[in-house]
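Undergrad: For reference, the structure I am asking about is given below.
Where a number appears in this text, it was derived from the coordinates with a stated rule and is not lab data. The shown structure was predicted, so the numbers you read here are calculated from the model rather than taken from an experiment. Using ideal geometry, Cβ is built from the backbone for each residue, glycine included, and neighbour counts are taken over all protein chains shown.
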Amino acid sequence: MSENCNQSCSSCSEDCAERKEQKTDFSEKLHEMSSVKKVIGVVSGKGGVGKSLVTSMLAVTMNRMGYHTAILDADVTGPSIPKAFGIKEKAKGSEFGLFPVKTKTGIDIMSVNLLLENDTDPVVWRGPIIAGTVKQFWTDVIWSDVDFMFIDMPPGTGDVPLTVFQSIAVDGIIVVTSPQELVSMIVSKAVKMAEMMNIPIIGLVENMSYFKCPDSGKDYQIFGESHIEEIAEKHNLKVLAKLPIDPKISAACDKGMIELFDGNWFEPVAKILEKMEEN
Ligand SMILES: Nc1ncnc2c1ncn2[C@@H]1O[C@H](COP(=O)(O)OP(=O)(O)OP(=O)(O)O)[C@@H](O)[C@H]1O
Ligand SMILES: [Mg+2]
């Protein structure tokens with residue numbers, strides 16, 4: 001029996017002899033014509049902290065390094081990936097399955113907005129339908145020769161994140177936070193969820209970390225002092241990147257030109273991901 005045993009087998013990932021119930025395997029098979037080497041989930045404890053932005057920038061960074069990159073937009077009710085990349089066309093299908101849409105620089109994307117007739121149509125579906133859609137993005141889409149797939153998760157720990165982690169073979173999680181949140185609690189939740197799902201956390205990204213004054217070059221901590229280093233240390237995690245508040249970034253997102261972002265904030269993360277791919 002594990003030292004940490006609390007007799008709650010359903011929420012425990014350890015495979016000990018004392019397990020009272022069999023673990024159920026909910027994993028879904030990738031489409032037989034697909035090939036995806038590494039899958040990275042981008043999560044956060046709450047909305048609006050920059051998950052979609054970080055997902056997009058990570059995909060652009062890995063794509064610039066020559067890896068074939070994809071984004072699975074698991075945020076079915078609030079999809080923002082197609083807009084950031086300026087995608088207007090719809091996804092096409094064949095008798096074999098659905099094809100992702102390619103961005104200008106060759107990143108493969110699947111999102112519910114690429115399937116709706118009008119991208120302003122709201123998705124008013126119940127939880128299981130939404131979760132089923134995300135599952136189909138994994139099982140029914142033909143993802144050809146993808147080195148890195150990034151999954152833009154909806155906020156929180158609800159139905160959809162649970163389905164993603166149970167049904168898709170996620171290799172690692174990146175947690176996005178911002179300085180003003182109750183970061184400690186949010187990181188603790190993410191760590192516990194990852195432990196329950198048996199998925200390693202690659203590290204933390206602090207978004208809106210500071211603002212660099214263009215006149216003086218001085219950094220200002222708009223949302224207060226950051227505690228990300230202490231929190232990371234407490235959980236034995238790495239701080240992968242600190243992204244400044246930059247009007248150029250939000251403008252690029254709004255104009256559908258995130259592929260043109262300028263900055264090397266994600267180079268250290270890219271090196272870590274590259275190592276994952278080698279193994
Ligand atoms: N560092 C930044 N600098 C400038 N603008 C930013 C930055 N981070 C995020 N934004 C802007 O803030 C808004 C929210 O970001 P984003 O959509 O990535 O958050 P999210 O966590 O995905 O939100 P949701 O939970 O709704 O999916 C976007 O308009 C984005 O362009
Ligand atoms: Mg988002």
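Undergrad: Send over the per residue convex hull volume for region 110-176, Cα only, as a whole number of Å³.
TA: Per-residue hull volume (Cα only) is 116 Å³.
Undergrad: How many nm separate the modelled label positions at Ser184 and Glu277, each set 7 Å beyond the Cα in the direction of the Cβ?
TA: 3.8
Undergrad: Still on this structure, I have one more. If we count every other residue with Cβ under 13 angstrom of Ile174's Cβ, Lys/Arg +1 and Asp/Glu -1, where does the sum land?
TA: Spelling it out: positives minus negatives among the neighbours equals 0.
Undergrad: Highest first, please rank the peptides 108-114, 261-267 by the mean number of other Cβ atoms sitting within 10 Å of their residues.
TA: Final packing ranking: 108-114, 261-267.
Undergrad: Give the residue list of GluC sites (Glu not before Pro) in region 183-279 that are DSSP loop and have at most 15 other beta-carbon atoms within 10 angstrom.
TA: Answer in residue order: Glu225.
Undergrad: When the C-alpha atoms of region 63-138 are aligned to their principal axes, what extent does each axis show, in angstrom, from largest down?
TA: If we take the Cα atoms of region 63-138, the spans are 39, 27, 20 Å.
Undergrad: Please report, to two decimal places, log10 I(q)/I(0) for region 110-264 at q = 0.08, 0.13, 0.17 Å⁻¹ as given by the Debye formula with identical point scatterers on the Cα atoms and no solvent.
TA: Debye intensities relative to I(0), on a log10 scale: -0.30, -0.80, -1.23.
Undergrad: Related question: What translational D, rounded to a whole number of µm²/s, comes out for the chain from Stokes-Einstein when the hydrodynamic radius is the Kirkwood one over Cα pairs, at 4 °C and 1.567 mPa s?
TA: Reported coefficient: 66 µm²/s.
Undergrad: Also, I was wondering about something else. How many angstrom lie between the C-alpha centres of region 206-258 and region 97-120?
TA: Taking the Cα centre of each part, region 206-258 and region 97-120 sit 29 Å apart.
Undergrad: I've got another one for you. Over the chain, what is the relative contact order in whole percent, taking alpha-carbon pairs under 8 Å and six or more residues apart? Could the numbers behind the result be given before it?
TA: Numbers: 503 pairs, mean separation 69.8, N = 279.
After rounding, I find 25 percent.
Undergrad: Please enumerate, by chain and number, the aspartates and glutamates with C-alpha under 20 Å from the C-alpha of Lys90, excluding those fewer than 8 residues away in the same chain.
TA: Asp73, Asp75, Asp108, Glu117, Asp119, Asp121, Asp140, Asp152, Asp254, Glu259
Undergrad: Could you work out the pair-distance distribution P(r) of region 192-279 from its alpha-carbon pairs, with 10 angstrom bin width and percents rounded to whole numbers?
TA: Reading upward from the zero bin: 14, 35, 35, 14, 1.
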